[in-house]
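A short reminder: the numbers here are calculations on the coordinates, not readings from a lab. Being a predicted model, the structure only gives us computed values, none of them experimental. Here the Cβ positions follow ideal geometry from the backbone for every residue, glycine too, while neighbour counts run over all protein chains shown.
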Amino acid sequence: MGAQLRIYRRRIRSVKATKKITRAMELISASRIVKAQQRVSASTPYANELTRAVSAVATFSNTNHPLTTESTNPKRAAVLIITSDRGMAGAYSSSAIKEADGLIVTLKQRGLEVDTYLVGRKAVNYFKFRNRAIKNSWTGFSDNPTYAHAKTISDELIAAFIKDAQVDIDGVDELHIVYTEFKSMITQIAMNKRMLPLEVVESDGPAPAGLLPMYEFEPNAGEVLNALLPRYIESRVYNALLQSAASEHAARRRAMKSATDNADELIKSLTRLANAARQAEITQEISEIVGGADALASASAGSE
Amino acid sequence: MSDKLLTVEFVTPEKRVWSGKATMVSARTLEGDLGILPDHSPLLGVLVDGKVSIKSEDGTNVDFNVSGGFLSVANNRVSVLGESAS
């Protein structure tokens with residue numbers, strides 16, 4: 001076998017091996033999207049009930065809560081950026097980071113300092129590589145977040161929000177969250193939303209049916225709100241984590257699908273080249289034999 | 001006893017734990033033990049960590065341990081929200 005042909009064969013083998021890997025990753029992601037979507041829909045009843053309860057309290061009491069009061073002179077804002085731990089997901093992480101960068105620029109134009117809180121190794125690496133300050137980061141669960149993770153994150157963010165930003169270096173006046181919304185299998189959009197101070201009127205999700213009844217509060221409206229609002233934030237963060245996880249799997253599935261398709265193309269064109277090389281080798285051998293036979297024939301003809 | 005029933009939903013962030021018709025729900029709020037029968041007035045209460053028991057329409061009792069929860073009652077609809085339940 002000629003050297004050229006051997007090289008082509010070797011490349012075909014390596015592309016085939018890569019294709020097997022990308023194909024497997026595609027299938028794994030496809031099955032995980034379904035699971036992730038089920039988790040999103042499993043969390044919806046809780047979120048709906050919570051939203052209903054929060055709007056009930058907000059409608060029937062005029063209690064002011066630190067989590068709903070807007071600072072008159074905001075000084076610092078926190079941005080929570082949700083990305084993935086692993087790559088191989090196309091532009092998933094980088095588009096979330098790009099969205100976050102845009103948000104940070106807007107916040108800075110408003111004269112705010114920005115504290116960044118990160119979820120996912122990709123964002124951490126991006127910030128570390130550029131020597132940008134990270135307030136805190138959480139990694140290791142981006143493809144399968146649980147409520148406990150959401151709780152850890154929101155506890156810290158709420159604590160930072162409660163502190164007075166004017167005097168405390170850890171305090172923030174606003175909290176923004178950047179995550180990737182799972183619209184459908186093919187569309188995922190990086191979004192930023194302001195979480196705190198809360199705007200209690202919720203527009204997304206089904207509006208509670210009919211008028212809300214006059215509730216009694218136990219022990220009282222203020223206490224109920226105190227207990228409800230942190231849960232509300234947690235459930236919002238949890239929802240953002242779940243949506244991002246579903247988006248991550250969808251992005252990875254799509255990236256791996258096109259990688260598999262590309263590998264197919266590559267194998268096809270390499271096979272053509274290998275065939276041509278083999279044919280050229282055969283042709284050359286034949287012409288060498290013919291040439292050799294001719295030379296022998298003319299040599300023996302000359303000696304006679 | 002009236003033939004009215006409560007529609008009960010017991011949900012946590014990760015899943016819907018129990019849902020169905022019930023004749024009574026009892027739980028403990030910050031103010032003390034509370035039993036809810038059909039036609040209870042609308043109520044929103046903060047639960048202390050502990051037991052929530054639901055007497056379902058076929059007469060069986062279902063108990064849950066709940067932590068970090070709430071209870072809301074309106075129009076014979078009871079929703080129990082817990083951070084975790086077992």
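Look at A:Ile267, B:Ile36, A:Ile7 and count the other Cβ atoms within 10 Å of each Cβ; fewest to most, that gives A:Ile7, A:Ile267, B:Ile36. Determine the percent antiparallel among the DSSP beta bridges restricted to segment A:66-202, to the nearest 5. For segment A:66-202, the DSSP antiparallel bridge percentage is about 35.
Dimensions of segment B:6-85 based on its C-alpha atoms, expressed as ranges along the principal axes with the largest first, amount to 25, 25, 18 Å.
Beta bridges from DSSP with both residues in segment B:6-85: antiparallel share about 85 percent, rounded to the nearest 5. Could you name the lysines whose alpha carbon sits less than 28 Å from that of B:Lys15, not counting residues in the same chain fewer than 8 places away? Leaving aside lysines fewer than 8 places away in the same chain, those within reach of B:Lys15 are A:Lys35, A:Lys151, A:Lys183, A:Lys193, B:Lys4, B:Lys51, B:Lys55. With a cut-off of 14 Å between beta carbons, the residues surrounding A:Glu223 carry a summed charge of -2, where Lys and Arg count +1 and Asp and Glu -1. Of the peptides A:18-27, A:229-238, the order by per-residue mean of other Cβ atoms within 10 Å, starting with the highest, comes out as A:229-238, A:18-27. Annotation for segment B:10-25 versus segment A:124-174: alpha-carbon center distance of 33 Å. Please report the net charge: other residues with Cβ closer than 12 Å to the Cβ of A:Arg39, K and R +1, D and E -1. With Lys, Arg at +1 and Asp, Glu at -1, the net is +1.
Among beta bridges identified by DSSP and lying wholly in the protein assembly as shown, the antiparallel ones come to about 65 percent. Looking at chain A, what % of the alpha carbon pairs are farther apart than 26 Å? Summing the P(r) tail past 26 Å for chain A gives 59 percent.
Each Lys and Arg contributes +1 and each Asp and Glu -1, all at the Cβ; summed about the Cα centre of segment B:6-85, the dipole is approximately 120 debye.
Given +1 at the Cβ of Lys and Arg, -1 at the Cβ of Asp and Glu and no other charges, the dipole of chain A around its Cα centre is 1180 debye to the nearest 20.
Here's the list of aspartates and glutamates a cross-link from A:Lys19 could span, going by alpha-carbon distance under 14 Å and ignoring same-chain residues fewer than 8 apart: A:Asp261, A:Asp264, A:Glu265. When A:Arg9, A:Arg253 are arranged by Cβ crowding within 10 Å, least crowded first, meaning fewest neighbours, the order is A:Arg9, A:Arg253.
Ordered by the count of other Cβ atoms within 10 Å of each Cβ, fewest first, A:Leu228, A:Leu5 give A:Leu5, A:Leu228.
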